[in-house]
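These notes are about the structure you will find just below.
The values are calculated or read from the model by the stated rules, or taken from the named source; none is laboratory data. Please read all numbers here as calculations on a predicted model, not as lab measurements. Note that we place each Cβ from the backbone using ideal geometry, even for glycine, and neighbour counts take in every protein chain shown. Side chains are part of the model used for accessible areas, which takes the heavy atoms of the whole protein and leaves out ligands, DNA and RNA. Shrake-Rupley method; radii C 1.70, N 1.55, O 1.52, S 1.80 Å.
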Amino acid sequence: MASARDYYDIFQQYQQRRDRAERLLIERKDEIYRLIPEIAKIDDEIRQLGMSISKAMLNHEINSQQAVDELEHKLEELRDRKRRLLISAGYSEDYLSPQYICKDCQDTGYIGAQKCHCLRQALIDRAYAQSNLGHMLQAQTFDTFDITRYSDQPVDGEAMTPRENMEMIYAACLAFVEDFDRSPENLLFYGPTGLGKTFLSSCIARELLDRGKTVLYQTAFSIFEILREYKFSLNKSDYIPQQFDMLLDVDLLIIDDLGTELNNSFISSELFNVLNSRLLAGKKTIISTNLTLSQLNDAYSERIISRIIGHYTILKFYGDDIRKQLA
Ligand SMILES: [Zn+2]
């Protein structure tokens, strides 16, 4: 879910939009009143008529619906004359209406107590931007995933062809999205580059973002930079604590390329802390790595590996690099 900070930023934006609409309206009135003084007079009449209607209603001077209808009718006539004057001077008929970006909520973000579609979209856009996935989210969706790019020929030492294997992995990824709130399962993708690990992570991210979940994509290298800075740097900018909180708080953390960073015991234990805190909080993680399981075993502590084995669905990617086929 979006943080208080997100709401604050978005509402600042809405406030600016309303201010802008108001300023523009004042400018337009100035312009039109100078050019077509009759419209200024009509606006005056409309205002006075509106006031006398409410006054009369408050004082119970108007007793019949007929009298109200007559006044309303007069009001409508004035508005109509104003519209015609604007059009004949070459303006659009709503030139003197506030120019809201969203007419449905008049740039307030709400329709009654319900979030307007524009606010829901703004929250999703913001979550997209914060996910670090940016442009990848546009092209990489479950629909654009092309299974035929994986070979249907048997591979030595594997029970399934690469295509059958990918069908299984694809189904596991869809199930991960569908069961996101119910299952405690996490995912570990391992295997050589160019087989769609990042692509599928991005498909999952997009589906979840569209469902209002928060997602953060980071390479293992950047995560260790954040952890190192958070721990050791004395003059932290706002950015580092904020990123650190996100590592723990986002609904889905995607750690890409585990194993490329320089490994040491500090990194090992900090990584364990992040993975463990997320497990304890019921937050999901996807790890992808080019290392084999035995290389992972060699690179990280026993604690990390047993944590991963116990709580992650382990998916092995194999076959030929699908990117090379395009060349
Ligand atoms: Zn709206």
Fill in: Qualifying residues in the stretch 105-126 (those that are near the ligand (Cβ under 8 Å from one of its atoms) and among the hydrophobic types (A, V, I, L, M, F, W, C)) - the one most open to solvent (accessible area, probe 1.4 Å)
111
Worksheet item: Is it true that some residue in the stretch 24-45 is in contact with a helix residue (DSSP H, G or I) (Cβ under 8 Å, 6 or more places away or on another chain) and either within 30 Å of residue 245 (Cβ to Cβ) or not in a helix (DSSP H, G or I) (or both)?
Response: yes
Practice prompt. Return the total of residues in the stretch 1-34 being hydrophobic (A, V, I, L, M, F, W, C) and exposed (fewer than 13 other Cβ atoms within 10 Å of the Cβ).
Written response: 4
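Residue by residue, here is whether (1) at pLDDT below 90; (2) of a type in the set (A, V, I, L, M, F, W, C) holds:
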residue	(1), (2)
167	no, no
173	no, yes
200	no, yes
204	no, yes
210	yes, no
227	yes, yes
232	yes, yes
243	yes, no
250	yes, yes
Worksheet item: Restricting the first residue to the stretch 76-104 and requiring it to be within 16 Å of the ligand (Cβ to nearest atom) and at pLDDT below 95, which pairs with a second residue that is in a loop (DSSP other than H, G, I, E, B) and hydrophobic (A, V, I, L, M, F, W, C) meet a Cβ separation below 7 Å and a spacing of at least six or different chains?
Response: 102/116; 104/116
Worksheet item: For the stretch 292-309, does any single residue satisfy the condition of being open to solvent by less than 20 Å² (accessible area, probe 1.4 Å), outside any helix (DSSP H, G or I) and not charged (D, E, K, R)?
Response: yes
Item to complete: Taking residue 145 as meeting all but one of (1) more than 16 Å from the ligand (Cβ to nearest atom); (2) surrounded by fewer than 18 Cβ atoms within 10 Å (Cβ to Cβ); (3) at pLDDT 90 or above, write down the number of the exception.
Response: (3)
Discussion item. If I ask for residues that are of a type in the set (Val, Ile, Thr) and either more than 17 Å from residue 257 (Cα to Cα) or open to solvent by 70 Å² or more (accessible area, probe 1.4 Å) (or both), which ones from the stretch 192-214 would you list?
Written reply: 193, 214
Discussion item. So, residue 171, is that one farther than 28 Å from residue 10 by Cα, surrounded by fewer than 12 Cβ atoms within 10 Å (Cβ to Cβ) and under 30 Å from the mean Cα position of the chain (by Cα) or not?
Written reply: yes
Practice prompt. Quick one: which residue in 160, 136 is more than 16 Å from the ligand (Cβ to nearest atom) and farther than 29 Å from residue 282 by Cβ?
Written response: 160
Discussion item. Of everything in the stretch 310-327, what is in contact (Cβ under 8 Å) with a residue 60 or more places away in the chain and outside any loop (DSSP other than H, G, I, E, B)? Give them in sequence order.
Written reply: 311, 312, 313, 314, 315, 316, 324, 325
Item to complete: Please enumerate the residues belonging to the stretch 123-160 that are β-branched (Val, Ile, Thr), more than 30 Å from residue 11 (Cβ to Cβ) and either free of Cβ contacts under 8 Å to residues at least 60 places away in the same chain or part of a helix (DSSP H, G or I) (or both).
Response: 144, 147, 148
Practice prompt. Look at residue 274 and say whether it is at pLDDT 90 or above and among the aliphatic types (A, V, I, L, M).
Written response: yes
Discussion item. For the structure I just gave you, tell me whether residue 71 is surrounded by 12 or more Cβ atoms within 10 Å (Cβ to Cβ), touching a Ser or Thr at 6+ places or on another chain (Cβ under 9 Å) and in a helix (DSSP H, G or I).
Written reply: yes
